[in-house]
Amino acid sequence: MAIMITDECINCGACEPECPNTAIYEGGIEWTWGGGTSLTEVQLEDGTVISGKASQTPVSDEFYYIVSDKCTECMGFHEEPQCAAVCPVDCCVDDPDVRESEDELLAKKAWLHGE
């Protein structure tokens, strides 16, 4: 599964620098696949190939957000999700809509970082 940030977020930003995949962004900020990863291009589900540097639409305009397709729950980096560990209001929680096994998370880490 991935981690999500709930609407209880106080926009402190403590989580953002802790993410080894650069999957956390401030509300309203566009994100990229390549930021914090080795991805130079990505094939989307519809078959479209885009540059890793191409700006993507923010997931939230109101508070910090996590791009679930870049979140590995810190698997392969740390023993627990670092965003949740540093969040002062405990709003970094499991995303019930994105469930992944440990093997899937490790495969995602390898894909993101070219390992």
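No value in this document is a laboratory result; all are computed from the given coordinates. As the structure is a computational prediction, the values presented were derived from the model and not from experiment. Reconstructed Cβ throughout: ideal geometry from the backbone, glycine too, with neighbour counts over all protein chains shown.
For Cα pairs less than 8 Å apart in space and 6+ apart in sequence, what is the mean separation divided by the residue count of the chain, i.e. the relative contact order in percent?
39 percent
Compute the separation of the alpha-carbon centres of region 9-48 and region 75-112 and state it in Å as a whole number.
Measuring centre to centre over Cα atoms gives 13 Å.
Any chance you could give the angle, 0 to 90 degrees and rounded to 10, that helix 102-113 forms with the longest Cα principal axis of the chain?
70 degrees
I'd like the Karplus ³J(HN,Hα) series for region 76-89: coefficients 6.51, -1.76, 1.60, θ = phi - 60°, whole numbers in Hz, and an x wherever there's a Gly or Pro.
Listing the rounded values in order: x, 10, 9, 7, 8, x, 6, 4, 5, 5, 9, 5, x, 10 Hz.
Just from its helices, what would the mean residue ellipticity at 222 nm be for the chain, if runs of 4 or more DSSP H residues each count -39500 (n - 2.57) and the sum is divided by every residue, rounded to the nearest 500 deg cm²/dmol?
On the way: 2 runs with 17 residues, N = 115.
-4000 deg cm²/dmol, from helical runs alone.
Which order, highest average first, do 80-89, 42-51 follow once you tally other Cβ atoms within 10 Å for each residue and take the mean per peptide?
With the highest mean Cβ count within 10 Å placed first, the list reads 80-89, 42-51.
Along region 55-67, what does the Karplus equation 6.51 cos²θ - 1.76 cosθ + 1.60 (θ = phi - 60°) give for ³J(HN,Hα), rounded to whole Hz, x for Gly and Pro?
5, 10, 5, x, 6, 9, 9, 9, 8, 3, 9, 10, 7
Sort largest first and round to whole Å: the equivalent ellipsoid semi-axes of region 3-113, each the square root of five times a Cα gyration tensor eigenvalue.
Working: eigenvalues 93, 59, 29 Å².
Equivalent ellipsoid semi-axes, largest first: 22, 17, 12 Å.
Under unit Cβ charges (Lys, Arg +1; Asp, Glu -1), what dipole magnitude, rounded to 20 debye, does the chain have relative to its Cα centre?
440 debye
Would you please put 63-69, 23-29 in order of how densely packed they are, using the mean number of other Cβ atoms within 10 angstrom per residue and starting with the highest?
Result, highest mean first: 63-69, 23-29.
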